[in-house]
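Worksheet: the structure to be examined is printed underneath.
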Amino acid sequence: MSSDHVSLWDRCLTIIKDNVPEAIYTNWFAPIVPYSFENNVLIIQVPTHFFYEYLELNFRKILQLALFRVFGKGIQLKYKIMMVSDPKTEVDIETVTKPVSVEVKKTAPAVQIPDPFKRHVYEELDSQLNPNYNFDNYCQSPSNQLARTAGMTIADKPGKNAFNPFFLFGESGVGKTHLVQAIGVRIKEQNPQARVLYISSHLFQVQYTNAVRSNTVNDFINFYQSIDVLLIDDIQELASKIQTQNTFFHIFNHLHQNNKQLVLTSDRPPVSLEGMVPRLLTRFKWGLTAKVERPDYELRKNILLNKVHHDGLAISDEVIEYISRNITDNVRDLEGVIVSLMAHSTIFNRDITIELAERVLSTCVRIEKKQITIDSIKQTVCEFYDMDPKLLQAKTRKREIVQARQISMYLAKKYTDSSLSFIGSAIGKKDHATVLHACKTITDQIETDKTLRANVAEIEQLLRK
């Protein structure tokens, strides 16, 4: 029977071909070579360890069905894997009816087959980076300090740091893409030969789908495994795309094991990602996870000043402050307003004034209807908690009064230009250190306390009316 193992395997292939799409058959079963059959053990030869893993993960049941039908239920299957780096090295892997075991041994070259995973020497890569997104114009503030510092560390030693992978998350428009591209730009400046690639998850998905349709999945995988620094934006868009995730899982493993740098962005932390395979989520948490917060007033102002200087515009400090106070959500709105102001000024030959800024902003954001002051903040907080404003000045450690005082300090820092010392003096006659502690306390509690987060959000709405 052993001399007829090739024809028996062909019968298995006939069964498999009737049960899988033609593209799957051509890509994953046609390259298999029946190596030998002895003592009821069939050995099949496959190109790489990834090829074996993919078969076991996706086609184990159809293999069992075909083997049991042709060879009988006592059949044992072993894989012989040809190693690309050394064609004389093979790995035997037992499966189907016995626990997996791996044994590496030297043998004479086996039957030569085309290797779909053969490495290619790729031409120079277009990194898809925008040189305008760099660290020089990525302004730093407490809202992005951790992420920016980690990004610079990664750029100086890609793949050889503790932040691999680097998982960056935050709301849309807070500067994640700028930071990710800044990492890539600096790496290319320091090492022009590095294979750096920035890509959106949507484009990655499109490329993978096209590769499946054109039977070039192996080339797709080979290409991504050749990357030195892979920067993927909006990884949450791969949710529920199981086959794409499984392929990315193997690409991720290969790059990480070879000390290649991975940087991922998302609009939410790994723990909140739904529709992701668990083994991929665990790998997202291997390195550093950092959040980029909404830009605070100082950061918004610095971003505007930087852009104004870069574009050579003449905008007064009064207009800069007005824009900084009224656009609070994201950086894209800030940049869009500057572009709109520049267009209005150029086309209509007008100076950029407060009146013009008000007109432009009214089309894209809700303008504050009143100026927010420390007094209005204290009054609003106390009304919300049904409390006499005088209690904020009282020397008491009652929990509800302390919390109202801390919220008032937190909002005063967020919505006014006042110094920490002035805020402390106006709210409870405290020093600047107390104000700093209050702001940090409320910031931390907002992250974990849903009730407090909702209360603070409602107070902010009342302030804006």
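Given a cut-off of 23 Å, what percent of all Cα-Cα pairs of the range 308-465 lie beyond it?
Counting every Cα pair in the range 308-465, those more than 23 Å apart make up 46 percent.
What whole-number distance in Å separates the alpha-carbon centres of the range 212-232 and the range 168-211?
15
I need the phi-derived Karplus couplings for the range 261-276: 6.51 cos²θ - 1.76 cosθ + 1.60, θ = phi - 60°, integer Hz, Gly and Pro marked x.
In residue order, the calculated couplings are 8, 10, 10, 10, 10, 7, 8, 8, x, x, 5, 9, 6, 10, x, 9 Hz.
Can you send over the carbon and sulfur percentage of the accessible area for the chain, probe radius 1.4 Å, protein chains only?
Roughly 50 percent of what the probe reaches on the chain is carbon or sulfur.
What pairs in K291/K413; K78/K241; K157/K413; K260/K414; K188/K413 have C-alpha atoms more than 29 Å from each other?
In this structure, K78/K241; K157/K413; K260/K414; K188/K413 exceed 29 Å between Cα atoms.
Would you mind computing, in nm to one decimal, how far apart the modelled labels at T353 and T282 are, each placed 7 Å from Cα along Cα→Cβ?
Spacing of the two 7 Å Cα→Cβ label points: 6.5 nm.
Using the Cβ atoms and a cut-off under 14 Å, what net charge is assigned to the surroundings of Q140, where Lys and Arg are +1 and Asp and Glu are -1? It would help to have the intermediate numbers written out before the result.
On the way: positive: R148, R300, K301; negative: D136, E293, D296, E298.
Net charge around Q140: -1.
Where the convex hull is taken over the Cα atoms of the chain, what is its projected area averaged over directions, in nm²?
29.5
Working with all protein chains in place, sort K188, K61 by solvent-accessible area computed with a 1.4 Å probe, largest first.
K61, K188
Kindly identify the range 374-463 as rounded, prolate or oblate by the Cα gyration tensor criterion: order the square roots of the eigenvalues as a ≥ b ≥ c, call it rounded if a/c is under 1.5, otherwise compare a/b with b/c, prolate if a/b is larger, else oblate.
Verdict is rounded for the range 374-463.
Give the shape of the range 144-291 as rounded, prolate or oblate, defined through the alpha-carbon gyration tensor: a ≥ b ≥ c are the square roots of its eigenvalues, a/c under 1.5 means rounded, and otherwise the shape is prolate if a/b is larger than b/c and oblate if not.
oblate
Output the 0 to 90 degree angle, nearest 10, between the alpha-carbon long axis of helix 399-415 and the longest principal axis computed from the alpha carbons of the chain.
Its long axis makes an angle of about 90 degrees.
For Q461 and E318 in the same chain, what is the full-extension length gain: residue separation times 0.36 nm, less their Cα-Cα distance, in nm?
Separation in residues times 0.36 nm, less the Cα-Cα distance, equals 49.0 nm.
How much accessible area per residue does the chain have, counting only protein heavy atoms and a probe of 1.4 Å, in square angstrom?
Ligands and nucleic acids excluded, the figure is 51 Å² per residue.
Taking Cα centroids, how far is the range 274-335 from the range 421-465 in Å?
First find each Cα centre; the distance between them is then 21 Å.
The values are calculated or read from the model by the stated rules, or taken from the named source; none is laboratory data. Keep in mind the model is a prediction, meaning the values are calculated, not measured. Because the Cβ atoms are built from the backbone with ideal geometry, glycine has one as well, and the counts that use them run over all protein chains shown. With ligands, DNA and RNA removed, areas are computed over all heavy atoms of the protein, side chains included. Shrake-Rupley method; radii C 1.70, N 1.55, O 1.52, S 1.80 Å.
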